[in-house]
Number of protein chains: 2
Amino acid sequence: MSTTAVTTDTAAPTGNLEITVSRAELLRELTAAQSVVERKTTIPILSNFLFEAADDRLTITATDLDLSLRTSCIAKVKTSGACTIPARKLYDYIKLLPEGDISLKLMDNHWVQIRAGRSNTKMVGMARANFPQVPEFPAIGAFKIAAPALRNMISKTIFAISNEESRYTLNGALLVLKSESMAMVATDGHRLAHIEKLGEILEGISGEKKTLIPRKALAEISSLLGGSDAEHIEFSDDEQTLFFKIGNRVLTSRKLTGQFPNYEAVLPRDNTKFVIVRSEDLMKSIQRVAQFADERSGAIKLRLEQNELKISAQSTDAGESEDIIETPYNYDPIVVGFNSSYLIDYLRATGETGEVRLEFKDAQSAGQMRPEDGSDDVKYRYILMPMRI
Amino acid sequence: MSTTAVTTDTAAPTGNLEITVSRAELLRELTAAQSVVERKTTIPILSNFLFEAADDRLTITATDLDLSLRTSCIAKVKTSGACTIPARKLYDYIKLLPEGDISLKLMDNHWVQIRAGRSNTKMVGMARANFPQVPEFPAIGAFKIAAPALRNMISKTIFAISNEESRYTLNGALLVLKSESMAMVATDGHRLAHIEKLGEILEGISGEKKTLIPRKALAEISSLLGGSDAEHIEFSDDEQTLFFKIGNRVLTSRKLTGQFPNYEAVLPRDNTKFVIVRSEDLMKSIQRVAQFADERSGAIKLRLEQNELKISAQSTDAGESEDIIETPYNYDPIVVGFNSSYLIDYLRATGETGEVRLEFKDAQSAGQMRPEDGSDDVKYRYILMPMRI
């Protein structure tokens, strides 16, 4: 059994695991895996890591049933085997240990002994058999996606994903892969973020492949990419599951069902009135003024007049506030209301640097924000529904 | 009226305040004052700052009725007067403004206009007459206390103050001033922190002056001293109130009533069994082991045996954990139980540096912790009641 790969379930080791592992290696993998573990779960086994040891490797699995992460590190395996250990407790304990070797050994009644230096601990684990099956990365059919481009697309769209759990087709962002471009789009019905990256050669794609990726998976991918120097992420899927491989870590996510809305219909086509302002100035002005917006709606008013953008808000409780940014504008005056936090989300996502172009049609139509200094091969747009004010 | 001091209430200005003040100066004083303002108060006026302008100074007052702070900064006073402004909202707004001059003007209906650059805001204030009277610093009879020594005494005792509001005589620390020393002591009935500073000449003290200072006042004094280069704090009191002057800021606190317990009776006198360990080692060991303590009691066991200190804990949920620190010990073995978080509090307060001496009598008697490398003129001791384990 010890000669088959540890990642195939049929060969999953079941002996009385006994290993030695470096604290640094173990902590690095636990740090990656622990964010998948739900803090509050009603299913006790899901608070545990699955440890599997064989062939000089320790494989660590965490799952919340929707999302799973499987990662591994080098270990001295004295006895191959498997055990489960309370995830949070183990992570906190390993963090507090000094650098050095750590021995782990499965004892009777699923207890796991952890020894390091003059520290000796026994944690109460659970039976390995209770740990849910985690799907394996498919042997064929994966696409390679450039890691920095994907990470950028996630950061520019994830905040627009709906928080309403009942709107489950909006609880993720849509990834659109074509042979020479990719795009990501997210919406909550009130605003929509869309980013397209041209010039990405995607081998094996013909036509268009659309995939809805849940928010928690996107956040996890982003965090895994942030802690990795992997240039690519391998992406694959089957009927129920999405698979992402980053270095030696595999993230799997249950697919969201349902149809993502036809977002192309809402992209504005004739927002011909526009101003260009420094993102930092706009951010500061909105933050100041938004304090005086109605707390429930967060509504602020943007008024475009001869060479100025006036931002204002008022509420009976707090008072009223107004900020003026001077900027070229020569079209007819226009007044539109927006949820201030939606504007702030865009400015945060673009790092408050450079300039932003605000494009309008009229008070009843969606507004659009775009980076003014956007590069040619990245097209980013953010559409906001207006509010009556 | 404009020639009398603004700090005497009889001359409090009541006109339509109109001033200009530098944002940096204003923000510095608001930062000091805002921590006194209660976030959740059922008395609306207490969420406001009182602003009083006269004689080229703006005086700012905040109060929660128990604790008040009065501070001031330079201002260009066009019209002397007074107004009240929502504290949190103003503080957040001023923080977001760029550096520069800010104009404030009292309008009709207690609204206050705030102008800076191209920002224009009107906040809903309340009538100045509703703002509670804040006691004035007494003209005579103040003591000067060395600021660094006081701050150190607070940090070494404040954590031992009781959190149980019903035990109101334990909701503060006792300051004991003598002509050539001062001391501070705090207890919650389970542990007691006592620090004495010798060689402090306190003019005007004869015999012993004991003052119970509420926790919130201590925290505020500590924070005000941290942001000040004042060498001394002026301290005074009357029947109801404690007064502390730090630079041009005056903190007043309502006195706690009741008798502080006779703490001298509980100071251990024959804890002859002791070990000396590095504070950092002890902290790490306790933190590791305490994860496996019973969650409610936090109880850990200290076992002293031939040249080692063994720290252990166990609980049915989590498992068991043990750490051994090697250190000279040649007395009879002893086992004592303590609340781990009480030990951690002491180690935090002493900054986890240097060595700590743990002194015991037997399993039924209080233990004592002291810095091993304590200086001659500072005597610090921390007494912990044992737990049955």
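Just so it is clear, none of the values below were taken in a lab; they were calculated from the coordinates. These numbers come from a predicted model, not from an experiment. Positions of Cβ are generated from backbone atoms using ideal geometry, with glycine treated the same way; all protein chains shown enter the neighbour counts.
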**Message:** Quick check: the angle from helix A:23-34's long axis to the longest principal axis of chain A, C-alpha only, nearest 10 degrees?
**Reply:** 50
**Fill in**
log10 I(q)/I(0) for chain A, Debye formula on C-alpha points only (no solvent), q = 0.11, 0.13 Å⁻¹, two decimals, reads -0.86, -1.03
**Asked** Can you pull the Kirkwood radius for region A:66-150, inverse mean 1/r over Cα pairs, to one decimal in Å?
**Response** 15.8
**Asked** Across region B:42-57, in residue order, what do the Karplus-derived ³J(HN,Hα) couplings come to in whole Hz, using 6.51 cos²θ - 1.76 cosθ + 1.60 with θ = phi - 60° and x for Gly and Pro?
**Response** 8, 10, x, 4, 6, 7, 10, 8, 9, 9, 10, 10, 6, 6, 6, 9
**Asked** Peptide B:122-128: average number of partner chain Cβ atoms within 10 Å per residue?
**Response** 3
**Item:** Residue-by-residue Karplus 3J(HN,Hα) for region A:136-150, coefficients 6.51, -1.76, 1.60, Hz, glycine and proline x
**Value:** 8, 4, x, 5, 9, x, 8, 9, 9, 10, 4, 5, x, 5, 5
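What does the charge dipole of region B:143-264 about its Cα centre add up to, to the nearest 20 debye, if the Cβ of each Lys and Arg holds +1 and the Cβ of each Asp and Glu holds -1?
With Lys and Arg at +1 and Asp and Glu at -1, about 240 debye.
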**Asked** If you stretched the chain out fully between B:H232 and B:D332, how much longer would it get, using 0.36 nm times the residue separation minus the C-alpha to C-alpha distance?
**Response** 31.2 nm
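Can you tell me how the protein assembly as shown classifies by the Cα gyration tensor, rounded, prolate or oblate, using a/c under 1.5 as the rounded cut? Could you put the intermediate results ahead of the total?
Numbers: a/c = 2.91, a/b = 1.06, b/c = 2.74.
Since a/c reaches 1.5 but b/c is at least a/b, the shape of the protein assembly as shown is classed as oblate.
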**Asked** Looking only at A:I114, A:I43, A:I325, which one moves most when chain A is put into a Gaussian network model with springs between Cα atoms under 10 Å?
**Response** A:I43
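If you count, for every residue in A:277-288, the Cβ atoms of partner chains within 10 Å of its Cβ, what is the mean?
Mean partner-chain Cβ count within 10 Å for A:277-288: 2.
Could you line up B:H194, A:H190 from fewest to most neighbouring Cβ atoms inside 10 Å?
Fewest to most other Cβ atoms nearby, the residues stand as A:H190, B:H194.
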**Request:** Quick one: with label points 7 Å out along Cα→Cβ, list the inter-copy distances for B:S179 in nm, shortest first?
**Result:** 9.9
**Fill in**
If one compares the long axis through the Cα atoms of helix B:87-96 with the longest principal axis of the Cα atoms of chain B, the angle in degrees, nearest 10, works out at 80
**Asked** Can you work out ³J(HN,Hα) from phi for every residue in region A:205-213, in order, using Karplus 6.51 cos²θ - 1.76 cosθ + 1.60 and θ = phi - 60°, giving whole Hz and x for Gly and Pro?
**Response** 8, 10, x, 9, 10, 9, 9, 8, 10
**Asked** Shortest first and in nm to one decimal, what separations exist between B:P261 and its copies in the other chains, measuring from label points 7 Å along the Cα-to-beta-carbon line?
**Response** 6.3
**Message:** If each DSSP helix of 4+ residues adds -39,500 (n - 2.57) and the sum is divided by the residues in chain B, what number results at 222 nm, nearest 500 deg cm²/dmol?
**Reply:** -5000 deg cm²/dmol
**Item:** Anchor B:K361: lysines whose Cα lies under 21 Å away (excluding residues fewer than 8 positions away in-chain)
**Value:** B:K273, B:K301, B:K310, B:K379
**Request:** Pick out, in residue order, every one of the GluC sites (Glu not before Pro) in region A:111-188 that is DSSP loop and has at most 12 other C-beta atoms within 10 Å; say none if there are none.
**Result:** A:E164, A:E165, A:E180
**Request:** Partner chain Cβ atoms within 10 Å, averaged over the residues of A:115-121 - can you pull that number for me?
**Result:** 6
**Asked** When chain A is treated as a GNM, springs tying every alpha-carbon pair under 10 Å, which of A:R128, A:R296, A:R254 comes out with the largest mean-square fluctuation?
**Response** A:R296
**Request:** Rank these for me by crowding, B:F274, B:F338, B:F243, going from fewest to most other beta carbons within 10 Å.
**Result:** B:F274, B:F243, B:F338
**Item:** Inter-copy separations for B:N16, label at 7 Å along Cα-Cβ, nm, ascending
**Value:** 9.0
**Prompt:** Counting other C-beta atoms within 10 Å, which of B:R115, B:R191 has the fewest, and how do the rest follow?
**Reply:** B:R115, B:R191
